[in-house]
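Here's the structure we're looking at; comments come further down.
The values are calculated or read from the model by the stated rules, or taken from the named source; none is laboratory data. All of these numbers come straight from a predicted model, not from anything done at the bench. FYI the Cβ positions are ideal-geometry reconstructions off the backbone, even for glycines, and counts take in every protein chain you see.
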Amino acid sequence: MKKPIFSGLIFCGLLLGAAQTNGQSFANNSSPIITSPADGSGLFAYTENTFVVLRWSTRNEHDIDRYIIERASDSIHFNPLHEVVSQGVIDQDNTYRDMDSYPASSTNYYRLKTVRNDGTAFYSAIVRADVDNRQTPILKPTVVHMGSIIRMDNYHAQPLTVNLFNANGTIMRSFIVNSTSFDIPTDGWSKGIFFYRISDATHPLINAGKIMIL
């Protein structure tokens with residue numbers, strides 16, 4: 001198993017201390033990017049193969065409702081990735097673990113949004129995680145003759161949904177993929193261009209593209 005590469009540290013508090021971490025840099029919006037090794041005292045990010053693992057710990061959650069992991073490829077424009085409900089632990093350490101199975105790029109930025117019961121929220125510092133050899137599920141080949149086979153490359157170990165649409169945006173086929181040997185036969189299809197969209201239970205868009213049937 002590949003040794004985890006620690007890439008950053010996010011504290012779940014107000015992060016006054018995190019802003020003083022050695023080795024940090026700043027994004028274009030002046031938010032701190034923590035790049036020093038994680039010391040296990042807070043939440044941190046590291047890569048495992050092509051995945052990014054996110055972990056954080058808290059001690060007092062009496063007024064915490066939930067946590068939201070947000071991701072950006074430029075350290076500025078963040079979008080929600082996953083939401084985790086608080087376990088409500090008080091006066092003892094509590095550890096959370098989340099995973100980004102499909103990093104958006106080779107360099108990814110994450111931050112933790114902590115939402116209180118009254119609706120107010122605060123953010124962690126930004127953490128950077130670099131992923132080598134990123135492989136996103138994709139349909140191949142992109143040009144086939146009617147009756148040929150379309151296959152999926154780079155399948156990961158969770159069910160995927162593949163929807164195919166015609167040029168008008170009408171869904172024509174829908175498949176659930178749960179095998180590395182998944183193939184799509186095109187017998188009986190009409191000629192033309194079909195668009196596909198790959199998703200799973202937590203990622204509404206993993207990849208998209210088009211297939212031409214000759």
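In the stretch 150-174, the residues that are in contact (Cβ under 8 Å) with a residue 60 or more places away in the chain form Cβ pairs under 7 Å with partners that are of a type in the set (A, V, I, L, M), at six or more places apart or across chains, as follows: ILE150/LEU139; ILE150/VAL144; ILE150/ILE184; ILE150/ILE211.
Across the stretch 70-117, what is the number of residues that are in a strand (DSSP E or B), in contact (Cβ under 8 Å) with a residue 12 or more places away in the chain and touching an Asp or Glu at 6+ places or on another chain (Cβ under 8 Å)? Residues meeting the conditions: 16.
Evaluating SER31 against the criteria (1) modelled with pLDDT of 50 or more; (2) surrounded by 12 or more Cβ atoms within 10 Å (Cβ to Cβ) leaves one unmet condition, (1).
SER148 meets each of the listed conditions (1) modelled with pLDDT under 90; (2) under 30 Å from PHE175 (Cβ atoms) apart from (1).
When the stretch 96-126 is examined, which residues are found to be of a type in the set (Val, Ile, Thr) and modelled with pLDDT of 85 or more? Walk me through how you get there before you give the answer.
Pass one, the stretch 96-126, residues of a type in the set (Val, Ile, Thr): 107, 114-115, 120, 126.
Scanning the stretch 96-126 gives THR114, VAL115, THR120.
Is one or more of the residues making up the stretch 96-109 among the hydrophobic types (A, V, I, L, M, F, W, C), under 24 Å from LEU214 (Cβ atoms) and surrounded by 14 or more Cβ atoms within 10 Å (Cβ to Cβ)?
Filtering the stretch 96-109 down to residues among the hydrophobic types (A, V, I, L, M, F, W, C) leaves 99, 104.
Now drop any that are not under 24 Å from LEU214 (Cβ atoms), which leaves none.
No; the residues of the stretch 96-109 include none that is among the hydrophobic types (A, V, I, L, M, F, W, C), under 24 Å from LEU214 (Cβ atoms) and surrounded by 14 or more Cβ atoms within 10 Å (Cβ to Cβ).
Identification of strands (runs of 3 or more DSSP E) wholly contained in the stretch 131-182 with 2 or more residues that are closer than 15 Å to PHE195 by Cβ yields 138-140, 160-165, 171-177.
Against the criterion of being surrounded by 15 or more Cβ atoms within 10 Å (Cβ to Cβ) and in contact with a Gly (Cβ under 6 Å, 6 or more places away or on another chain), VAL127 qualifies.
Residues in the stretch 164-178: is at least one in contact with a strand residue (DSSP E or B) (Cβ under 9 Å, 6 or more places away or on another chain), of a type in the set (Lys, Arg) and either under 16 Å from PRO137 (Cα atoms) or crowded, with 16+ Cβ neighbours inside 10 Å (or both)? No. For the stretch 200-214, the tally of residues that are out of contact with any Gly (no Cβ under 8 Å at 6 or more places or on another chain), modelled with pLDDT of 85 or more and either farther than 18 Å from THR161 by Cβ or buried (at least 17 other Cβ atoms within 10 Å of the Cβ) (or both) stands at 2.
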